[in-house]
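Student: Sending over a structure as structure tokens; questions will come in a sec.
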Amino acid sequence: MSQKYIVHEEPAVRTASQRIAMADLAPFGFPGLHEQVWLRGREDGLFVMQCVPFRIYGLNLFDVVRLDEDNMLVEVVEKGGHRTLRALLEAGLEPQVFEEVAGGIASRARSGGFAIEWSGDRHAAIDVPADGDSASLVAFMDAHEEAGTLFWEWSESQPFQAP
């Protein structure tokens with residue numbers, strides 16, 4: 001089976017000293033798929049997440065992680081105090097509806113001071129700091145999920161699992 005990769009083209013945090021590693025998404029129901037993650041190294045050999053995970057459960061921006069010798073993410077060592085809210089817009093939405101939903105997500109994320117990353121044009125991952133008020137964004141997501149225009153979840157809906 002050939003491997004496919006989800007990449008972070010615009011990670012939430014960008015520095016000159018970052019590195020890229022991979023996370024196997026098979027434990028989360030996506031066999032044959034890996035997600036590229038951006039990391040900042042620490043002196044103790046551990047790494048700090050610098051992107052907002054699209055499909056990895058139980059992982060968030062600024063969590064401390066461990067890699068194996070193949071540069072695969074294998075453990076969340078310490079939580080960084082952030083949460084990840086993810087939304088997937090339904091395929092085939094009318095352009096006006098699509099713009100309303102995608103624009104509403106982006107504007108609420110910005111007004112809350114949250115970092116947002118997009119995987120394609122339908123999948124958003126939003127970083128919510130511990131002190132962030134996500135009520136407006138969650139209410140927007142709930143209303144649009146009820147209307148059938150998107151599905152949303154918190155990344156903590158499942159724990160992190162290594163392959």
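The values are calculated or read from the model by the stated rules, or taken from the named source; none is laboratory data. Remember, it's a predicted structure, so these values are computed and weren't measured experimentally. Glycine gets a Cβ as well: all are built from the backbone with ideal geometry, and neighbour counts include every protein chain shown. Heads up: the accessible areas ignore ligands, DNA and RNA and are worked out on the full protein's heavy atoms, side chains in. Shrake-Rupley method; radii C 1.70, N 1.55, O 1.52, S 1.80 Å.
Student: With an 8 Å Cα cut-off and a minimum separation of 6 or more residues, compute the relative contact order for the chain in percent.
Tutor: Relative contact order comes out at 23 percent.
Student: Something else about it: Choose one answer from D44, D127, D24: the residue with the largest mean-square fluctuation in a GNM of the chain with alpha-carbon springs under 10 Å.
Tutor: D44
Student: Ok, one more. What spacing in nm lies between the two simple spin-label points modelled at E10 and R110, each 7 Å away from Cα in the Cβ direction?
Tutor: Those two pseudo-labels are separated by 1.0 nm.
Student: Which value, in Å², gives the accessible area per residue of segment 52-129 when a 1.4 Å probe is used on the protein heavy atoms?
Tutor: Value for segment 52-129: 45 Å² per residue.
Student: Still on this structure: Starting from the Cα of A139, move 7 Å in the Cα-to-Cβ direction to define the label point; list residues of segment 147-163 whose amide nitrogen is under 20 Å from there.
Tutor: 147-154
Student: Under a 10 Å cutoff between Cα atoms, tell me which one of F62, F28, F47 has the largest fluctuation in the Gaussian network model of the chain.
Tutor: Looking only at F62, F28, F47, the biggest GNM fluctuation is shown by F28.
Student: Can you figure out the FRET efficiency of V97 with R42, using R₀ = 45 Å and their beta-carbon distance, to the nearest 0.05?
Tutor: 0.55
Student: Assigning unit charges at the beta carbon (Lys, Arg +1; Asp, Glu -1) and nothing else, what dipole magnitude in debye, to the nearest 20, does segment 25-92 show about its Cα centre?
Tutor: 320
Student: Can you give the FRET efficiency to the nearest 0.05 for E153 and R66, using r as the Cβ-Cβ distance and R₀ = 25 Å?
Tutor: Efficiency, from the Cβ-Cβ distance: 0.50.
Student: Counting only protein heavy atoms, what percent of the accessible surface of the chain is carbon or sulfur at a 1.4 Å probe? Could you put the intermediate results ahead of the total?
Tutor: Details: 4090 of 8220 Å².
Of the solvent-accessible surface of the chain, carbon and sulfur hold 50 percent.
Student: What distance in nm separates the two pseudo spin-label positions at R122 and V77, each 7 Å out from Cα along the beta-carbon direction?
Tutor: Reported label-point gap for R122 and V77 is 3.8 nm.
Student: Given the options A109, A139, A124, which has the most mean-square fluctuation in a GNM of the chain, springs set between C-alpha atoms less than 10 angstrom apart?
Tutor: Judging by the Gaussian network model, the answer is A139.
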